[in-house]
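I have placed the structure first, in the form of structure tokens, so that the comments after it can refer back to it.
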Amino acid sequence: MEIRLSWDDPATGERREPMLNVPIALGREFAQLPADVGGRRVARIVLNSLQVSRFHALIDEDATGVVVIDQGSANGTFVNGQQQTRSPIANGDTLQIGPYYITLSFGSGSQPTQLPSAGNSQIFFNPQTNLPDPRFQPPPPPVSPSGRSFPPPAFQSQFVSVQDLYATGYPVEELNYATVGGGLGSYIWTDLLRIYGVRADQIAAIGLEDRPYARYQRLCQNSQIPPHERLRSNSDSCPDNIWGWPSYALREAWHDFLRGRINGSLRYLWQVFAEPTFVDTYTPRSGNVFNSIDRETARIGWSRIFRYGRVRSIRKTNDGRYAIAYSRGPGDYAFVVARYVHLSIGYPAVQFLPDLQDYRERTNDFKSVVNAYEEHNHIYEQLERQGGTVLIRGRGIVASRIVQRIYEARKRNPNISLLHLMRSPKPQGNKYRFSQRRVKDHYEFQPFNWPKAAWGGELRAILESAAPEEKKQLFTDWGGTTTADRTDWVQIVAQGIREGWYQIAFGEVEKVDRDAQGHLVTYILEKGMKGKRTLEADFIIDATGLDAKAKTSPLLEDLVNFYNLPLNHLGRLAVSNDFELVEMRNQQGQMYAAGAATLGGPYAPVDSFLGLQFASLWSVNRLVTTRAPGLHRLNVITSLGQWLKWVGNQPPS
């Protein structure tokens with residue numbers, strides 16, 4: 001019998017859907033999986049996790065039909081959430097093997113159920129608005145009013161002549177440092193350069209909005225985190241302050257103390273002291289973070305450093321530097337030539353489930369079916385006026401915030417219900433050594449999106465020294481879809497289940513359509529059932545996240561293809577432990593990267609505030625050792641001096 005096995009990779013989120021004949025062996029090491037069973041050739045699937053035994057389970061046929069047989073594994077084999085040693089399996093059942101949740105699809109005549117195509121679609125960020133735009137696709141290369149293409153033909157060379165750039169007639173700016181992206185990663189790298197002594201006129205930050213947090217702020221607002229709400233990011237780092245002291249919690253406590261709110265002030269301090277054992281982990285209010293960054297950008301002269309533009313291409317120059325071609329508007333093009341370049345472009349696209357993409361393409365309905373990162377306040381406004389039903393897809397931290405927003409809307413109109421569609425039950429959380437995440441109501445909880453030690457302790461050291469194959473296992477075991485371990489979110493879900501307005505369903509989606517009454521109908525193959533089921537809703541919200549693979553960004557894809565740069569096992573840029581793109585080294589010139597584009601490298605939480613600071617600090621320290629111009633090594637005295645300048649809101653140099 002032929003069976004399709006479908007799962008989302010725990011580390012990358014990418015869809016895998018091999019179709020294989022039984023028997024099928026599943027385990028951690030290819031060499032340990034049997035080549036044949038009873039004289040029959042075995043299909044073999046390697047699952048890269050330390051939670052998976054070397055030969056973990058076997059899918060086979062017997063007189064009763066298809067069965068899964070656990071092979072004495074250390075962590076067990078689960079069928080539809082129940083641990084089994086030997087169990088019959090039916091069409092649509094789910095196996096859990098370590099962090100892998102594998103759906104089995106087969107039918108009469110060995111014909112698999114036809115589900116939507118593998119892999120998520122993308123909603124690209126429109127370069128004119130920096131917002132997720134479902135109608136936008138990356139445009140063709142621009143053409144100037146004179147009919148010349150941009151970048152010019154010189155960019156077809158491995159090494160571009162700077163004289164050829166001047167010959168185009170477009171403006172050319174030469175300086176020592178340039179950062180591409182213009183967002184939080186670019187700002188943090190620039191902040192460190194300024195603190196380490198580099199003048200503002202020797203740095204260019206190229207991006208689309210002059211406030212470095214603009215895209216992040218907009219994504220927060222779209223995913224229902226207004227200025228008074230707390231970010232989902234950690235407070236271990238202050239992107240406006242190299243010392244990280246006073247912390248956001250201390251600043252908030254002092255603010256409340258000055259206004260006579262003594263209890264609130266003490267609560268924040270206790271929260272930081274006792275987290276996460278006795279109280280929820282402290283996270284800062286988004287408005288406070290953005291205000292503090294505004295202060296720091298003014299202090300370091302960001303307005304003189306920022307260049308508006310969309311970077312089209314980057315090439316090495318023949319004198320050991322890099323040429324950056326960027327568009328400043330229709331027909332308005334320019335070049336920056338720099339010795340040291342930093343890439344931090346953030347997330348180029350929003351992930352979007354293929355069945356929902358298919359629905360929107362067929363119906364042109366962009367109001368009823370939305371992504372959580374798109375602007376969709378109209379949904380909550382209509383629910384508060386008229387009531388209705390929302391279906392959520394995805395169960396990570398973004399989905400948890402949407403559930404909270406629905407809960408708040410129900411206070412204004414109790415005639416609101418919530419369906420939460422998950423692909424598989426979640427009977428237990430990921431394990432690593434003696435630690436295991438807790439699971440409640442099929443949510444996997446932890447304080448942050450990575451284990452606490454990954455920020456700067458034992459796990460970071462393990463990752464830095466790990467071989468590529470070991471890193472693959474570590475990211476699989478540490479990764480997965482988790483949500484913040486917040487008491488209010490846990491209680492909201494429990495209350496919703498108890499009162500009946502919140503329901504969880506499991507299944508593989510076949511399609512989404514509208515019925516005669518105008519309701520959105522989701523057709524699913526239900527887990528553990530031999531039939532099908534439909535779910536009706538007024539709105540569907542996709543909370544499956546963001547996409548940062550190199551191939552998703554036209555800029556990174558061009559750079560990777562042109563210079564044949566290696567990618568890591570997650571499809572991101574392969575960087576050294578100090579975040580350098582070693583293959584892009586050009587005589588004395590060096591190129592570094594930060595943020596989500598480096599996930600899978602020497603640091604796990606790369607897209608957090610601390611991750612961006614960590615990558616920037618490592619790269620700038622590396623530049624200091626190479627005696628890059630304008631940089632001065634910090635010591636106890638000079639570091640204190642720079643912190644005192646921050647306290648007094650004085651320019652770094």
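The values are calculated or read from the model by the stated rules, or taken from the named source; none is laboratory data. This one's a predicted model, so the numbers in the text were calculated from it and none came from an experiment. Positions of Cβ are backbone-derived with ideal geometry, glycine not excepted, and every protein chain shown enters the neighbour counts.
Do we have R261 as more than 18 Å from P239 (Cα to Cα), basic (K, R) and assigned by TED's automatic domain parsing to the domain that holds D191 here?
Values: more than 18 Å from P239 (Cα to Cα): yes; basic (K, R): yes; assigned by TED's automatic domain parsing to the domain that holds D191: no.
When the stated conditions are applied, R261 does not pass them.
The range 53-96 holds strands (runs of 3 or more DSSP E) entirely within its bounds, and those carrying 3 or more residues that are of a type outside the set (K, R) map to 57-62, 65-70, 77-79, 82-84.
Does the range 564-578 contain any residue that is over 28 Å from N48 (Cβ atoms) and either touching a strand residue (DSSP E or B) at 6+ places or on another chain (Cβ under 8 Å) or surrounded by 23 or more Cβ atoms within 10 Å (Cβ to Cβ) (or both)?
No.
Within the range 261-285, being polar (S, T, N, Q), in a helix (DSSP H, G or I) and within 15 Å of S247 (Cβ to Cβ) holds for S265, Q271.
The residue list Y359, Y373, Y326, Y340 contains one member that is in contact (Cβ under 8 Å) with a residue 24 or more places away in the chain, in a loop (DSSP other than H, G, I, E, B), aromatic (F, W, Y) and in contact with a strand residue (DSSP E or B) (Cβ under 8 Å, 6 or more places away or on another chain), which is Y373.
Does the range 140-159 hold any residues that are of a type outside the set (G, A, S), modelled with pLDDT of 90 or more and outside any helix (DSSP H, G or I), and which are they?
Pass one, the range 140-159, residues of a type outside the set (G, A, S): 140-143, 145, 148, 150-153, 155-156, 158-159.
Next, from what is left, pick out any that are modelled with pLDDT of 90 or more: 150-153, 155-156, 158-159.
The answer is F150, P151, P152, Q158, F159.
Give the residue that is surrounded by the most Cβ atoms within 10 Å (Cβ to Cβ), with candidates limited to residues of the range 192-223 that are in a loop (DSSP other than H, G, I, E, B) and within 17 Å of the chain's Cα centre (by Cα). Only one residue tops the list, namely S223.
The residue list S653, S619 contains one member that is in contact with a helix residue (DSSP H, G or I) (Cβ under 9 Å, 6 or more places away or on another chain), in contact (Cβ under 8 Å) with a residue 24 or more places away in the chain and not in a loop (DSSP other than H, G, I, E, B), which is S619. Filtering the range 400-432 to residues that are surrounded by fewer than 19 Cβ atoms within 10 Å (Cβ to Cβ) and assigned to a helix (DSSP H, G or I) leaves Q404, E408.
Please go through the range 630-650 and pick out each residue that is among the small types (G, A, S) and without any contact (Cβ under 8 Å) to a residue 12 or more places away in the chain.
Initial filter on the range 630-650 (among the small types (G, A, S)): 630, 639, 641, 648.
Result: G641, G648.
Within the range 433-489, being aromatic (F, W, Y), crowded, with 18+ Cβ neighbours inside 10 Å and assigned to a loop (DSSP other than H, G, I, E, B) holds for F448, W450. Would you point out the residue of the range 1-45, among those that are farther than 24 Å from G92 by Cβ and of a type in the set (A, V, I, L, M), that is surrounded by the most Cβ atoms within 10 Å (Cβ to Cβ)? This residue is A11.
Yes/no per residue for (1) within 21 Å of K532 (Cα to Cα); (2) at pLDDT below 90; (3) over 32 Å from the mean Cα position of the chain (by Cα):
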{"site": "H56", "(1), (2), (3)": "no, no, no"}
{"site": "T64", "(1), (2), (3)": "no, yes, yes"}
{"site": "V79", "(1), (2), (3)": "yes, no, no"}
{"site": "R86", "(1), (2), (3)": "no, no, yes"}
{"site": "G92", "(1), (2), (3)": "yes, yes, no"}
{"site": "P99", "(1), (2), (3)": "no, no, no"}
{"site": "I102", "(1), (2), (3)": "yes, no, no"}
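Among all residues of the range 160-171, there is none that is among the polar types (S, T, N, Q), crowded, with 22+ Cβ neighbours inside 10 Å and in a helix (DSSP H, G or I). Just a yes or no: is a residue in the range 203-212 in contact with a Leu (Cβ under 8 Å, 6 or more places away or on another chain) and closer than 27 Å to G456 by Cα? Yes, that holds for at least one residue.
Residues in the range 231-263 that are modelled with pLDDT of 90 or more, surrounded by 15 or more Cβ atoms within 10 Å (Cβ to Cβ) and among the basic types (K, R): R251 alone.
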